[in-house]
Amino acid sequence: MIRVRDLLERAIALEQRGEHGAARSLYEQVLAEVPEHPGALLKIALFEQAAGELGAAHAILERALRSAQTSRMATAPTRLAIAGLAESANDPAAARAAYHQALAEAPGHPAAAFGLGRLALREGDFMAAIEHCRAGLAVAPAHAGLLTTLGHALRLSGALAAAAEALGAAVAATPDDAAAWLALGNVCMEAELAQVETARAAVSAAPKIASPDLLERAVDAFGRAAALRPETVALHAHLAMAARYACAWSRSTPAEQALLARHAAGAAHFACSPMMAVALLPDPAAQRAGIGGWSRQTLPAPVAPARIARRGNRLRVGYLSSDFHDHATAHLMAGLFEFHDQTRIETFAYASDRDDGSAMRQRLRRAFAHWRDIRALADDEAARHIGNDALDVLVDLKGHTHGTRIAILARRPAPVQLHYLGFPGTIAYDPVDGFIADEIVAPAGCEPEFAEMLLRLPVCYQANDGRRPLPAAALRNSVGLPERALVLACFNQTYKLTEPFVSIWLDVLRERPDTVLWLWVPHALARRNLHAFAEAKGVASERIVFAPVARHAEHVARLRCADLALDVLPYGSHTSGSDALWAGVPLLTCRGTTFAGRVGASLCHAAGLPELVTESLADYAAELRRLCGDRDRLEHFQRHLDSERERLPLFDTAAFTRAFERLLEDAANGLPGRRDVT
């Protein structure tokens, strides 16, 4: 036995040094001395499993278990190995049984609790995962795997604050684990945005600001993760996006530069979350590469394209969205749905969102010939339902935005599948055949920016509802604005705000004491950073006015208090731009290098204000100074918008709908290069 003990000690030491071959040889010598030694059998089985010999590993583990039982030795280690082997073989039932057997012998065993928590999390039973993890943590309170799994389960169950606490403990236990820091950053970011959405839903008259530490914790966590794994694109993207939300440009700019460097170093393997790609990457080639890489890694492979002829006299068109409620997309598109010529177009709505009980939801239901609620359907089943409707064209309205069901398109439920409006850049996903744009947001020569066939509308690509109400202008003192000031407004989300543009605005404020900047900034950290940035530029912080959350009609009414709306790059004003123009507020824009940065130019042209489209940052700054020094010119633009509103192409919903229908008919009759559509 002394020799066996010596062999085991030497084998363990070799294994710890990574000398697995030599260690295995010693374990086999132990078995030569004691043929059914449970510990040596367990180690040999684990070597077999690592080599991919799952059948041999299972047989040896069964021997080890019988030997341990015969010898009245602990069986928990062997049962844990059996459970791990079952997980490798994709047999969760066997794994679960083995973990429970280990727990029966060793109540609260952290590894068994971790295994059961992990299985429950994978199967979507978040409450069970939480219960198992907490049981294990009662025995091993610093177990990083248990803490991380608990954090993920709490997040998915909606307990974001508790999830942040668990993940904070996980990074404290393993400060060198980049994945744990990423998880902590994600849950803090999600909690921050959830608080903003809660405030938006409450629509209180008082400003609602998220907890002041969540966004700061997210930026710090993403920064820690990126420092640990600088080769990982996603970590730089998360850091840059969170820092943008915080208006912490000293942190976002280096992260954005790191993203572009990673693309330059390995474009073929570059992948970036799509919304982050359009917000952070002004290089169209990097955008397309990042979105395409993400789509290939994340979305299901598509089936072969359909070969289906036209099905009838009327064009059958489906719209797929989770925004068929009181949402910005619905406010833009409601008129289009209502203006469809029902003698030529038969419309189908595929709603994957909840019924919010709003007047907008009821309006949309009335606009469609057919309404299909697919919220509870899995992608395959939803695709079958859409396929049964025998569409000619399916129009996806979400792309890579929150609530998307774009994986439905992988099943090819329609012969022609297009993307429109929801996502401001290429979808770069094979089941999407065409992308609807116009000649300004997608000018001639930009085709390499898109994986899809470009389908261009004759005026602005953005639908607008020319029948939406136009409320009377609010009183300036009711929205916190000085009565006689020149009000420069930007109501874009803070992740769109970039240092070059904010610097220009503040330079103008410093030069013109009669001017204030009006922003929508619901994040406490971003407010602090903007105030500090303004003070450093010699502008008193009180000259930045922060607007609270408001309902859509109230928002348009208060917008009418502004003198000029300000656009930004690389991701400019979209709905916020058309809202301003509808409210009679001219929009100063700068033409960008990507779709997301060219929308403002398209809006201004369609609103009859092409002179407000600048071509460089220097031109933008110069034009802003001219406008601020010429109130008569600003008032001229405002009168133009107010007097011509019903005749402007941007708000002519009937004409837009006719052009949109012609585009759909052309697409149904065959996209160039699409030999599969007959």
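The table below gives the values:
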read-out: Among (1) buried (at least 16 other Cβ atoms within 10 Å of the Cβ); (2) within 18 Å of the chain's Cα centre (by Cα) - the single one Gly403 does not satisfy; value: (1)
read-out: In the range 477-504, the residues that are part of a loop (DSSP other than H, G, I, E, B) and touching a Gly at 6+ places or on another chain (Cβ under 9 Å); value: Asn492
read-out: Condition met for Ala444 (outside the structural domain of His574 (by TED's automatic domain parsing), in contact with a Leu (Cβ under 9 Å, 6 or more places away or on another chain) and either among the hydrophobic types (A, V, I, L, M, F, W, C) or not in a loop (DSSP other than H, G, I, E, B) (or both)); value: no
read-out: Complete set of residues in the range 55-75 that are in a helix (DSSP H, G or I) and either surrounded by 15 or more Cβ atoms within 10 Å (Cβ to Cβ) or in contact (Cβ under 8 Å) with a residue 40 or more places away in the chain (or both); value: Ala56, Ala57, His58, Ile60, Leu61, Arg63, Ala64, Leu65, Arg66, Ser67, Ala68
read-out: Check on Leu116, under 17 Å from Ala179 (Cβ atoms) and of a type outside the set (Ser, Thr, Tyr); value: no
read-out: Tally, over the range 76-114, of residues that are surrounded by fewer than 22 Cβ atoms within 10 Å (Cβ to Cβ) and closer than 12 Å to Pro38 by Cβ; value: 2
read-out: Arg5 being farther than 20 Å from His132 by Cβ, of a type outside the set (S, T, N, Q) and at pLDDT 90 or above; value: no
read-out: Enumeration of residues in the range 445-463 that are charged (D, E, K, R) and closer than 16 Å to Pro284 by Cα; value: Glu447, Glu449, Glu452
read-out: Out of Glu635, Glu611, Glu661, Glu644, sole residue that is on the phi < 0 side of the Ramachandran plot, modelled with pLDDT of 95 or more and not assigned by TED's automatic domain parsing to the domain that holds Asp514; value: Glu661
read-out: Options Ala451, Ala463, Ala474; residue that is part of a loop (DSSP other than H, G, I, E, B) and out of contact with any Leu (no Cβ under 9 Å at 6 or more places or on another chain); value: Ala451
read-out: All positions within the range 498-543 that are under 16 Å from Ala246 (Cα atoms) and either aliphatic (A, V, I, L, M) or not assigned by TED's automatic domain parsing to the domain that holds Asp619 (or both); value: Val502, Leu519, Val521, Ala524, Leu525, Ala526, Leu530, Ala532, Ala534
read-out: Those helices (runs of 4 or more DSSP H) lying entirely in the range 308-419 with at least 2 residues under 24 Å from Glu554 (Cβ atoms) and of a type in the set (D, E, K, R); value: 359-367
read-out: Sole exception among (1) at pLDDT 95 or above; (2) part of a loop (DSSP other than H, G, I, E, B) for Val549, by number; value: (1)
read-out: Residues (without any contact (Cβ under 8 Å) to a residue 60 or more places away in the chain and either out of contact with any helix residue (DSSP H, G or I) (no Cβ under 9 Å at 6 or more places or on another chain) or of a type in the set (Gly, Ala, Ser) (or both)) located in the range 584-609; value: Gly600, Ala607, Gly608
read-out: Residues located in the range 513-530, provided they are over 28 Å from the mean Cα position of the chain (by Cα) and farther than 17 Å from Ala565 by Cα; value: Pro513
read-out: Within the range 608-625, considering residues that are aliphatic (A, V, I, L, M) and in a helix (DSSP H, G or I), the one surrounded by the fewest Cβ atoms within 10 Å (Cβ to Cβ); value: Ala618
read-out: Checking Glu483 against (1) surrounded by fewer than 18 Cβ atoms within 10 Å (Cβ to Cβ); (2) touching a residue at least 40 places away in the same chain (Cβ under 8 Å), the condition it does not meet; value: (2)
read-out: Of all residues making up the range 174-216, the number that are in a helix (DSSP H, G or I) and either at pLDDT below 95 or surrounded by 18 or more Cβ atoms within 10 Å (Cβ to Cβ) (or both); value: 26
read-out: Every residue from the range 329-364 that is surrounded by fewer than 16 Cβ atoms within 10 Å (Cβ to Cβ) and either closer than 17 Å to Arg658 by Cα or in contact (Cβ under 8 Å) with a residue 60 or more places away in the chain (or both); value: Asp341, Gln342, Thr343, Arg344
read-out: Hits in the range 138-157 (condition: closer than 16 Å to Ala120 by Cα and not polar (S, T, N, Q)); value: Gly145, Leu146, Leu147, Leu150, Gly151, His152, Ala153, Leu154, Arg155, Leu156
read-out: Test: residue in the range 562-583 that is in contact (Cβ under 8 Å) with a residue 12 or more places away in the chain, surrounded by fewer than 24 Cβ atoms within 10 Å (Cβ to Cβ) and over 30 Å from Pro458 (Cβ atoms); value: yes
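The values are calculated or read from the model by the stated rules, or taken from the named source; none is laboratory data. Since this is a predicted model, take the numbers as computed values, not measurements. Reconstructed Cβ throughout: ideal geometry from the backbone, glycine too, with neighbour counts over all protein chains shown.
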